[in-house]
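See structure below.
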Protein chains: 2
Amino acid sequence: MSDKLGDTPAAEFRKHLHEIADWVADYREQISTLPISPNQKPGSIRAKLPGSAPEQTESFDDILRDFQQIIFPGITHWAHPDFMGYFGATTTNSGILAEILTGALNVNAMTWRTSPAATELETVVLDWLRQWLRLPETFGGVVYDTASIGSMHALAVAREKAASEVRERGLSGREDVPMFRVYASDQAHSSIDKAVIALGLGEQNVVRIASDAEFRMDVAALREAVIADARIGFKPLAVVATVGTTSTASVDPVREIASVCREHEMWLHIDAAYGGGLCVVPEMQWVIDRFELADSVVVNPHKMLFVPFDFSALYVRDIARLRRVFTLVPEYLRGDAAGAEINYMDYGVQLGRRFRALKAWMVWRTFGREGLAARIRDHLRLAQLFTDWVRSDARFELSAPTVMGVVCFRYIGHNDADSDRLNAEIVRTINASGKSYLMQTKLRDRTVIRLGLGNILTTEENVRRAWEIIRATADTV
Amino acid sequence: MSDKLGDTPAAEFRKHLHEIADWVADYREQISTLPISPNQKPGSIRAKLPGSAPEQTESFDDILRDFQQIIFPGITHWAHPDFMGYFGATTTNSGILAEILTGALNVNAMTWRTSPAATELETVVLDWLRQWLRLPETFGGVVYDTASIGSMHALAVAREKAASEVRERGLSGREDVPMFRVYASDQAHSSIDKAVIALGLGEQNVVRIASDAEFRMDVAALREAVIADARIGFKPLAVVATVGTTSTASVDPVREIASVCREHEMWLHIDAAYGGGLCVVPEMQWVIDRFELADSVVVNPHKMLFVPFDFSALYVRDIARLRRVFTLVPEYLRGDAAGAEINYMDYGVQLGRRFRALKAWMVWRTFGREGLAARIRDHLRLAQLFTDWVRSDARFELSAPTVMGVVCFRYIGHNDADSDRLNAEIVRTINASGKSYLMQTKLRDRTVIRLGLGNILTTEENVRRAWEIIRATADTV
């Protein structure tokens, strides 16, 4: 409500802040009692909302009522302890508190001067994470929204390194620019293809390398593909090694892939968006083994390290090279130059940048490295426990080794086609019930059920209930 | 603090939420008393922070104390009523409340199913804004973080339309792909160059067209450049018309540019990141005249429409084409397909997407279209008032017409070089004082002072004080 210019009245705002504070506290306390996801038809929420914006001011009470009655019932509760879709969501109480402060400050971290603390804290938390990842100091970092954007920038640097003056002259109409090829396993994330599309390299130049029985890139197949491509005139540009693939969380053999990259002068990009988070768990350090051999590494603290969405870190061995590809300081920002400072706008397409560092800083301090490790370790334990349950029930089979917080398994039908249908039906039925939330994926062309752990609220009881629901649902489909 | 697994204790969280609520309310109430920006040296904040992450848990009180003592003094207060840098910041009380809810929900709006209400509300607010912009229903929209990313996607669609199978085959090593050229005025935003770099089109293929005396693209010069390029074998790809340029908020002649685009079968992209916000002000509708002739339009509600950062809307006439360039549904998301729904992940590089629609919806309902218009109108009035003051002081001169909430002016020195030095010095001195915050830019190679209005808290008193500080500072440099 505002009957004059300026913002809404201060006293009302304070009252609403406290109302929302209680709403948030109640939400977090009661989240386990909510249906995880709405069982609605597309368009049903939109149908309840006006098709045009209001002409006049509306009261906060009316807006909050509509939020509660129309929007909230249409939310999928990623933070629900029984939500086991995708990679576990990373809402945390301290993350929420940080997001509130970030929203209130609403600064733009494009240059150092536009908010010195935002830039310097970004440098600090990037350095903390770099140390956890055991990357040498030669690696510099930058925070983006998503790993998709991080991988795009990494491959842009690779492109620039492999051909002269791509920044300046582009790719087309040039006889001195070869046809590039980018290699990734058949389990790699779709963001690699999207990055290659955006960069003008051509989707068909993403060469999918077969994975082995444990869904890790087959390095012999990689080497063969690279040699074969080079022989017919392609220029092998980069290999994307995935550490924690989306379907099974498998880990590509980084050391061996790095050798192939060295042999053929290719860029090594590690997509550790999910798996990189294990850097804080001492007994899981094998997962980040040889990261220092990479040219670039992307890790999403919003996937395993309890930082709310969005926060993705890209590290580049020669970060000055990334800067050379993208720096471009317009006149209206030249006055910002202070000399020795970092201006993160220089490291990417996006000029405007949220102050994302604060939430990483608050969450990581709240738990400490040991606290993060203890929680992740427990999710790994639960994943192994669930794996044991699957193994012990003859009606089910494990579809992949359980490496991290992801379990892929399958209800066994009369034949493969029957199994595909049944497993998809199980996931659909369970998700529609609102009582648990799982995903399906395909492995070797067969539909399997995928359980993803990582929610901070998820306990053994939740995982046990999920298993009961899965077994009960399997009986009915 | 957490002595066991799971999240921090609920009772403590509730207490902290209320503490933060009061902190936010106090901050907003007292913001005008704060120094606008810190006068620190690069590295001074970082020097106060531990170089490595803590091993053990730390208390919220300790973290909040460090936030207040170390981080907060290093913040540039974009929402300060005396902050007149860049484009006016758009923090609003209702926007902050919305960001709190968004942070608590922390859903990912990648597919409809990952949170139906997030997707449907995005469709709703995009449609509200489309109506304000008087774009026909044939235009479909998508929300990104920044206009930089929006323009990159728009030009990716242009690239795909102009050459066959760029998505599939890329740009290099193909005789059937010409050298593309993209045209923008010498006042256009650096994001256009960055988009062209990322897309592999080559920075030198951004052709900067001279602007006229009022900093609007010279359409005759555009036509000549296009014809000359086509004659020597370039393929004119797209023209970017800017509506509200960064330095002066000038408006390129969209109707005439559209004619040139039609003549030469070029894509017309309108960068109305700032100026598009005037769509809600009836008497300023000339600014959005002929937007319907564009192939794509980008508008940043986080620039003029009081939506907190980040929220940028891209509209594409044939949005199905954008989808064809970027859609790529991996197996682990196929289960999400519900049939009739929109999955916004299909419209861009980024898979993960914040729930950005909520803040637009809450802010726009709080003020209503009339309330938004009244506030923007007042900023336009203040810009004109300031312009009058500059005109009435013989020591200063106006450097560009005042079209929107931006005023460019210059203190007159003994000669051009002297003036450049003095104006840069005035801006530096004022910004270091923390009492006002302005920018410098260059127009026709001369350094000028740039005042940007748009903060919801800025009143005539603030603008008057800025003018007094500028005049007093000019006396001392």
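Just so you know, all these numbers are worked out from the coordinates, no wet-lab data involved. Since the model is a prediction, treat every value here as computed from it, not as a measurement. No Cβ is skipped: glycine too gets one built from the backbone with ideal geometry, and neighbour counts run over all protein chains shown.
Pairs exceeding a 24 Å alpha-carbon distance, out of A:Lys15/B:Lys15; A:Lys15/A:Lys435; B:Lys161/B:Lys194; A:Lys359/B:Lys194: A:Lys15/A:Lys435; A:Lys359/B:Lys194. Between copies, how close do the A:Gln30 label points come, placed 7 Å along Cα→Cβ, listed in nm from shortest? In nanometres, ordered from closest: 3.4. Placing unit charges on the Cβ atoms only, positive for Lys and Arg and negative for Asp and Glu, gives the protein assembly as shown a dipole magnitude near 640 debye about its Cα centre.
The mean number of Cβ atoms from other chains found within 10 Å of a Cβ in peptide A:424-431 is 1, as a whole number.
Normalised by 2.2 N^0.38 Å, with N the number of residues, the alpha-carbon radius of gyration of the protein assembly as shown equals 0.91. Each copy carries a label point for B:Trp286 at 7 Å from Cα along the beta-carbon vector; from one copy to the others these points are 7.2 nm apart, nearest first.
The amide H of B:Val207, built 1.01 Å from its N in the peptide plane, has B:Val182, B:Tyr183, B:Ala184 as neighbours under 5 Å, considering only residues 5 or more places off or on other chains. Screening chain A for whole DSSP H helices with an alpha carbon extent of at least 15 angstrom along the helix axis and a mean Kyte-Doolittle hydropathy of at least -0.5 yields A:93-105, A:116-132, A:147-162, A:219-231, A:357-392.
Could you give the size of the charge dipole of chain A about its Cα centre, using +1 on the Cβ of each K and R and -1 on the Cβ of each D and E, expressed in debye and rounded to the nearest 20? Don't skip to the end; give the middle numbers.
Numbers: 54 positive and 61 negative charges, 81 e Å.
The calculated dipole for chain A is roughly 400 debye.
Listed peptides B:399-411, A:35-47 appear in the order B:399-411, A:35-47 once ranked by packing, highest mean of other Cβ atoms within 10 Å at the front. Each distinct pair of alpha carbons in chain A adds a 1/r term; the inverse of their mean, the Kirkwood radius, is 24.3 Å.
Measuring from centroid to centroid over Cα atoms, what is the spacing of region B:38-74 and region A:51-88 in Å? Result: 34 Å between the Cα centres.
By the gyration tensor of its Cα atoms, with a ≥ b ≥ c the square roots of the eigenvalues, what is the shape of region B:108-354: rounded for a/c under 1.5, prolate for a/b over b/c, or oblate? Here region B:108-354 falls in the oblate category.
Using Cα pairs closer than 8 Å and at least 6 residues apart in sequence, work out the relative contact order for region B:420-477, in percent. Intermediate values should be presented prior to the final figure.
Details: 51 pairs, mean separation 22.0, N = 58.
Relative contact order for region B:420-477 comes out at 38 percent.
Inter-copy label distances at A:Asp212, using a point 7 Å along Cα-to-Cβ, come to 6.9 nm with the shortest given first. Summed over qualifying helices (DSSP H, 4 residues or more, each -39500 (n - 2.57)) and divided by its residue number, chain B shows a 222 nm mean residue ellipticity of -13000 deg cm²/dmol. Beta-bridge orientation, chain A: approximately 55 percent antiparallel, per DSSP, counting only bridges with both partners inside.
For chain B, averaging the sequence separation of C-alpha pairs within contact (under 8 Å, six or more residues apart) and dividing by the residue count gives a relative contact order of 21 percent.
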